[in-house]
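*Asks:* This structure is in structure tokens; I'll ask about it shortly.
Laboratory data are not the source of any read-out in this text; all were calculated from the coordinates shown. Since this is a predicted model, take the numbers as computed values, not measurements. For neighbour counting, all protein chains shown are included, and Cβ atoms are generated from backbone atoms with ideal geometry for every residue, glycine included.
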Amino acid sequence: MIEPEDVPGYLSDLAPYLSLVCEGQIIDFSVRAGYGPWLKIRVPEPGLLEGLKPGQRFHVMMIHVPEDEMPASKDPEKRKAYKASQLAGMMCNEPGFREFIAVTYGEVCPDAEEAAEWIRGLCGVRSRSELDSNPAAAETFRNMINEFDEYKQGGGV
């Protein structure tokens, strides 16, 4: 059996044979009908994404990093998973997301505030912060994110 403290050494030894070795953080996951399970993982450096293409296949190995282990990033704020309300706020500022709303739902949202209003209406909440505490609203929001991801994969944005 490999002891947890020995894992970094083994990974270093295997690095020449692996496409990517780094610490990642699960951001979101779901199971979609007709598409199956999916997982979004944050990696520490944008350069690690160079050469990747949608549809590429990989063998995946995940080794849990104990909560008490120091994070790979020295800035803990960069490692926090986003709450649904935070993600909604960031998405509203993206022109591509507002384009998705117009193309998919026929609603024109020329700015971030209009997009925020649209999300609140879609999810049936008065404030985006309710996405963090209202399970039904959070599920509606997650489903919409899945649609947005499919839109992007289909060539939109």
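*Asks:* I need every pair where a residue in the stretch 92-107 that is without any contact (Cβ under 8 Å) to a residue 24 or more places away in the chain has its Cβ under 7 Å from the Cβ of a residue that is among the β-branched types (Val, Ile, Thr) and in a helix (DSSP H, G or I), sequence separation at least 6 or different chains.
*Replies:* Taking only residues 6 or more apart or on different chains, the pairs are 107/101.
*Asks:* Take the residues in the stretch 101-133 that are β-branched (Val, Ile, Thr) and out of contact with any Asp or Glu (no Cβ under 8 Å at 6 or more places or on another chain); name whichever of them is surrounded by the most Cβ atoms within 10 Å (Cβ to Cβ).
*Replies:* This residue is 119.
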